[in-house]
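Trainee: There's a structure below that I have some questions on.
Every number in this text was worked out from the coordinates using simple rules, so none of it is lab data. Worth saying up front: this structure is predicted, and the values here are computed from it rather than measured. Neighbour counts run over all protein chains shown; Cβ positions are idealised from the backbone, glycine included.
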Amino acid sequence: MLPNLAFWHPQIVHFVIALLIVGVLLRLISLTGRFAFTGPAAATLLLLGTAAAVVAVKSGTDAHGAVERIPGARAAVNEHEDAGHDTRNVFLIVSALELAALGLGKRPMRRWVLVASGLVGLGGMWPVYRAGALGGELVFKYAGGVGTYYGDTADVQHLMLAGLYQKGMAEREAKHPDAAAQAFEQLAAEFPGDPSVQLLHAQSLVVDKHDGRAALVALAQIPVRADNRFFRFQYDYIKADAYVAAGVVDSARTTLEALSQVFPNNPRIKQRLAQLPH
C-alpha cells in the first residue's frame, strides 16, 4: 500500500513546475542544433518532471479531502485536480516521446520525435500554469489545508487571527470605522494574552473610535518588554496618538520626545512631533 503523501504535496508540485518548464525550454532550444548539452538535459528534466507529476497527483489526491470539505471550495478543488491530471497525462506522452527518441539512436526519425515532444510539451505549459494558479487560489482564497497540513490545531487560531486582522484593515480602508472597530474588538477578545493583538485593539480605539481615554486604559494593561525595541516603538507611538485624541497634547509631546531619545534617527517621530498642535 502506498504511503499517504498529503503532507508533501506543496513541496512536490514546486518540483513539477520547475522541472517541466525548464525541461520544455531546453528541448525547444535543443531543436535549434545549438548548445549540445540541452538535448540530454531536456530529456533528464522532462522524465524527472513527469515522475514528479505522477507523485504530485497521488499526493494531491491524498490531500484533497480536508480542503474539499471547506464550504465553497469543492469546485476549486475539482478544477485544480483536473489541471493536475491534465499535466500528468500530457507529460506522460512527452516522456514516451523522449524515451522513443532515445531508442531511435541517430536515425533520422529521431529529430521529428523530438520536435513532437517539444510541441506537446509547449502545449502542456497551459495545464502546468493552470494547476499552479488554481493551487494558489486554494491556499490564498480558501485557506486550504489550514489546521490539517501540519496536524496542528493552533494553525486554525493563526487563521482566525489573520482573518480578523485583514477584515479590520479592509473595513478601515473602506471607511467603515464601526465595522473595523468591531473586528479589532473581537480580535482582542479571542487573543487576550497576545500583547501585539492588544496593541492593535488600542490603536483601533484611537483610529476607528477616536476614544483616546479608552485607548490609554487599554495600553496601561499591556506589558512592554524593555528588550523589544520594535514593540516599544509601536507602543509609545500609539500612546502619543491616544494622548492627542484624549486632548492631552503635552503628554503626547513628552512621550514622543522620550521616544526620539531611543530612536534619534527615526523620521516618523520627528514628523509626528512637528504635527502636534501647539
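Trainee: Short version: ³J(HN,Hα) in whole Hz for each residue of segment 51-59, in order, from phi by Karplus 6.51 cos²θ - 1.76 cosθ + 1.60 (θ = phi - 60°), x for Gly and Pro, what are they?
Mentor: In residue order, the calculated couplings are 4, 5, 5, 4, 5, 5, 5, 4, 5 Hz.
Trainee: Let me ask something else about it. What does the charge dipole of segment 6-140 about its Cα centre add up to, to the nearest 20 debye, if the Cβ of each Lys and Arg holds +1 and the Cβ of each Asp and Glu holds -1?
Mentor: 700
Trainee: Please list, in order along segment 114-120, the HN-Hα scalar couplings obtained from phi with the Karplus expression 6.51 cos²θ - 1.76 cosθ + 1.60 (θ = phi - 60°), rounded to whole Hz, x for Gly and Pro.
Mentor: With the stated coefficients, segment 114-120 comes to 5, 4, 4, 4, x, 5, 5 Hz.
Trainee: Remind me, relative contact order of segment 6-140 in percent, using alpha carbon pairs under 8 angstrom and six or more residues apart?
Mentor: 28
Trainee: Over the chain, what relative contact order in percent results from Cα pairs under 8 Å that are six or more residues apart?
Mentor: 11
Trainee: Quickly rank 41-53, 105-117 as a protection proxy: mean count of other C-beta atoms within 10 Å, highest first.
Mentor: Those peptides, ordered most packed to least, come out 41-53, 105-117.
Trainee: Cβ under 13 Å from G60's Cβ, G60 left aside: what net charge do those residues give with Lys, Arg +1 and Asp, Glu -1?
Mentor: Net local charge, G60 excluded: -4.
Trainee: ³J(HN,Hα) across segment 129-134 via Karplus (A = 6.51, B = -1.76, C = 1.60, θ = phi - 60°), whole Hz, x for Gly/Pro?
Mentor: After applying 6.51 cos²θ - 1.76 cosθ + 1.60, I find 4, 5, 4, x, 5, 5 Hz.
Trainee: Using a cut-off of 29 Å between alpha-carbon atoms, which lysines can reach K239, once sequence neighbours fewer than 8 places away in the same chain are excluded?
Mentor: Leaving aside lysines fewer than 8 places away in the same chain, those within reach of K239 are K167, K175, K209, K270.
Trainee: Under the rule of -39500 (n - 2.57) per DSSP H run of 4 or more residues, summed and divided by the residues of the chain, what mean residue ellipticity at 222 nm is obtained, to the nearest 500 deg cm²/dmol?
Mentor: It comes out at -26000 deg cm²/dmol, rounded to the nearest 500.
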